[in-house]
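The values are calculated or read from the model by the stated rules, or taken from the named source; none is laboratory data. Since this is a predicted model, take the numbers as computed values, not measurements. Cβ placement follows ideal geometry from the backbone for every residue including glycine, while neighbour counts extend to all protein chains displayed.
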Amino acid sequence: MAAVVTRFQVTDQPRWKRMFDTSARERAAVGINGALVFVDGDTPEYMIVIYQVDDIRRAKAYLTLPRQTDREFEVGVSEMQIWLGVEP
């Protein structure tokens, strides 16, 4: 199993969540099979998303596409960090 973890600041969490929910089909098309969404317990204006993916490079490429980052920016996302992981 592989995972992509993102952490980002967002000014409008409900708006972000609506955008996130409507892009589920796009994520599935690039091999993102599921996601867990959390509000950061220490810093509630930040969110953490853990994506289960088939191919970490393909998933990262999707998450950093200009149209995707523009969409994220439009709903108040800033300071996104991305980590990639695979099972040993």
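Data table
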{"quantity": "Number of positions in the stretch 10-24 that are free of Cβ contacts under 8 Å to residues at least 60 places away in the same chain and assigned to a loop (DSSP other than H, G, I, E, B)", "calculated": "1"}
{"quantity": "Of all residues making up the stretch 36-76, the number that are at pLDDT 95 or above and either under 16 Å from Asp21 (Cβ atoms) or of a type in the set (A, V, I, L, M) (or both)", "calculated": "10"}
{"quantity": "Qualifying residues in the stretch 46-55 (those that are over 14 Å from Pro14 (Cα atoms) and within 12 Å of the chain's Cα centre (by Cα)) - the one surrounded by the most Cβ atoms within 10 Å (Cβ to Cβ)", "calculated": "Val53"}
{"quantity": "Qualifying residue in the stretch 37-45 (condition: surrounded by fewer than 17 Cβ atoms within 10 Å (Cβ to Cβ) and closer than 22 Å to Val86 by Cβ)", "calculated": "yes"}
{"quantity": "Scan of the stretch 1-24 for residues that are surrounded by 13 or more Cβ atoms within 10 Å (Cβ to Cβ) and of a type in the set (Ser, Thr, Tyr), ordered by number", "calculated": "Thr6, Ser23"}
{"quantity": "Failed condition for Ala2, given (1) free of Cβ contacts under 8 Å to residues at least 24 places away in the same chain; (2) touching a strand residue (DSSP E or B) at 6+ places or on another chain (Cβ under 7 Å)", "calculated": "(1)"}
{"quantity": "So Gly31, is it more than 15 Å from Ser78 (Cα to Cα) and in contact with an Asp or Glu (Cβ under 6 Å, 6 or more places away or on another chain)", "calculated": "yes"}
{"quantity": "Residue among Arg27, Arg58, Arg67 that alone is in a helix (DSSP H, G or I) and exposed (fewer than 11 other Cβ atoms within 10 Å of the Cβ)", "calculated": "Arg67"}
{"quantity": "Residues of the stretch 41-55 satisfying the condition of being of a type in the set (D, E, K, R), touching a strand residue (DSSP E or B) at 6+ places or on another chain (Cβ under 9 Å) and either over 18 Å from Ala3 (Cα atoms) or part of a strand (DSSP E or B) (or both)", "calculated": "Glu45"}
